[in-house]
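Okay, structure first, notes after.
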Amino acid sequence: MLGVWLLLWGSVALGGRADTAFLHRAHDSSGHCTYSFTVASPVEAACPEAAGGVPELRAELAALAARLSRLESRERGMGGSGPRGAEPGGARDPQQVASTARLEAAYGDLLRATSRLEEEKGRLEREKEELGRRLESSAQEISRLRAARCPPGREGPGRDTLRAPAKAPRWEPQPLAYQELQSERTEVPVSRLLEETALGRPGKEDSGCGPLVWVGEPVVFGRADSIAGKYGVWMKDPEPVAPFTRDNTWRVDTVGTEVRQLFQYEEAEQLARGYPAKVHILPRPLESTGAVIYRGGLFFQPRHSRSVARYDLRGETITAEREIPGAGYHGQYPYSWGGYTDIDLAVDETGLWVIYSTEKARGAIVLSKLDPETLEIRRTWETNIRKRGVANSFLICGTLYTVSSYSAPNATVNFAYDTATGTSRALSIPFENRFRYLSMLDYNPAERQLFAWDSFNMVTYPVRLSRA
């Protein structure tokens, strides 16, 4: 194309005599490609200026040379098949050859890398599919094992670890026309009971008051088999008044709309056999599981009230009653398990306490110290522990402790509030819910044990305090 263009240009520049113009291409001494052409003059037989030629022709040649140079540069930059590469034997720039070779090598490496990546992607896709099949197979195996170990209608030891705890059912007591008492006799050697409770009794190594550091495994002392005994409270008096002693044991089954029966036992073994020595009929029905025995009296919350009453065990009458100002009741601020546990009474080394919440406290636990004779409030503390967020609570040496769950088998004592300093702290002391429904928990300072009611079962927990 370039040669044809030059011939046409020459024919126009020289008056159309294209047949007398000749284009030549050859290598010069340095190896570069050069172009030249000859045109016969129509008017001159010889060149009068052999050194420089005709000025007009010289200018045209210079312009043509510049244009050819630009074309060559463009062709070199494009690396195409223009005039330099038109002929098979044409020489090429060594730098261009090397650059082209490097680009081709890099392009080949890129293609090979792309191929490897595609292969790796395919392998990962296959592994993903295989892993999905294995996970599906594992899930089916877990479901099969769960069904085998925990058939419907039964609770297995690992059931709560495989599912989230269910929301506590709302306690709706049903009227009971009568209460049927059943007994279950269990032969337990006295030596074994003494051995199992030895850790819970005050001794030289843990005497006095100090922070709670350990709660032992539960020990079962009795079981209620009637439906009225699913929830309940059982107690001993840490400071008994004659004719009662520390061996006397007391129990109330709290399921029902008219809970009035207080069962009296001469000792814990009689409780285990299920035969009470006496049954007290309370003048007023009590509500929930927050009652305690202290200094010859039963302290309880009368049903549908925000009051606390004292029932004298000797005179069998109510000797004091006082309203707790602003206290929630009958399901306003219960513990997490429900059961109308809005007002909970407790006893420790320092005396009688009431645990509750108010609208002003916005559901946080409020503590009040009570006079055991008049029930007058001596002092009140407002904590930052949400009452509905814990399963139960108790006091030891003026410090409130809470339990994280009423149903999880491996719960914890999770918070402590010190009334001496007015501060709270988080804890993680292991606490076992063996029967998965903790409805009552109180501390007995004389026994140095926790008394609890866990789904029909009356149990104790030994505790250990650090040195004060």
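The values are calculated or read from the model by the stated rules, or taken from the named source; none is laboratory data. Just so it is clear, the structure is predicted and the values come from calculations on it, not from any experiment. Every residue, glycine among them, receives a Cβ derived from its backbone with ideal geometry; neighbour counts consider all protein chains shown. Heavy atoms of the whole protein, side chains included, go into the accessibility calculation; ligands, DNA and RNA do not. Shrake-Rupley method; radii C 1.70, N 1.55, O 1.52, S 1.80 Å.
Can you go through ARG306, ARG388, ARG322 and tell me which one is open to solvent by 30 Å² or more (accessible area, probe 1.4 Å) and over 23 Å from VAL255 (Cα atoms)?
Sole residue among the options that is open to solvent by 30 Å² or more (accessible area, probe 1.4 Å) and over 23 Å from VAL255 (Cα atoms): ARG322.
Pairs, please: C-beta under 9 Å, at least 6 apart or cross-chain, first residue on the phi > 0 side of the Ramachandran plot and in segment 260-274, second among the hydroxyl-bearing types (Ser, Thr, Tyr) and at pLDDT below 90?
GLY274/SER183
Quickly run through segment 430-451 and pick out the residues that are of a type in the set (A, V, I, L, M, F, W, C) and surrounded by fewer than 17 Cβ atoms within 10 Å (Cβ to Cβ).
ALA446 - this is the single residue of segment 430-451 that is of a type in the set (A, V, I, L, M, F, W, C) and surrounded by fewer than 17 Cβ atoms within 10 Å (Cβ to Cβ).
Output the number of residues of segment 360-385 satisfying the condition of being over 26 Å from ASP237 (Cβ atoms) and open to solvent by 20 Å² or more (accessible area, probe 1.4 Å).
Qualifying residue count for the region: 4.
Of the residues that make up segment 406-413, is at least one within 19 Å of ILE343 (Cβ to Cβ) and touching a residue at least 60 places away in the same chain (Cβ under 8 Å)?
yes
How do the strands (runs of 3 or more DSSP E) wholly within segment 342-389 filter down when requiring 1 or more residues that are β-branched (Val, Ile, Thr) and farther than 11 Å from ALA327 by Cα: which remain?
344-348, 377-386
Of everything in segment 305-329, what is of a type outside the set (Asp, Glu), closer than 20 Å to THR358 by Cα and either modelled with pLDDT under 95 or assigned to a strand (DSSP E or B) (or both)? Give them in sequence order.
If the condition is that a residue be of a type outside the set (Asp, Glu), closer than 20 Å to THR358 by Cα and either modelled with pLDDT under 95 or assigned to a strand (DSSP E or B) (or both), then SER307, VAL308, ALA309, ARG322, ALA327 are the ones that fit.
Just for segment 259-269: of the residues that are open to solvent by less than 60 Å² (accessible area, probe 1.4 Å) and under 20 Å from GLU316 (Cβ atoms), which one is nearest to the chain's Cα centre (by Cα)?
Checking each candidate, the answer is VAL259.
Would a scan of segment 363-372 turn up a residue that is of a type outside the set (D, E, K, R) and within 25 Å of PRO218 (Cα to Cα)?
no
So which residues in segment 398-410 are assigned to a loop (DSSP other than H, G, I, E, B) and either open to solvent by 30 Å² or more (accessible area, probe 1.4 Å) or touching a Pro at 6+ places or on another chain (Cβ under 8 Å) (or both)?
Within segment 398-410, SER404, SER405, SER407, ALA408, PRO409 meet the criteria.
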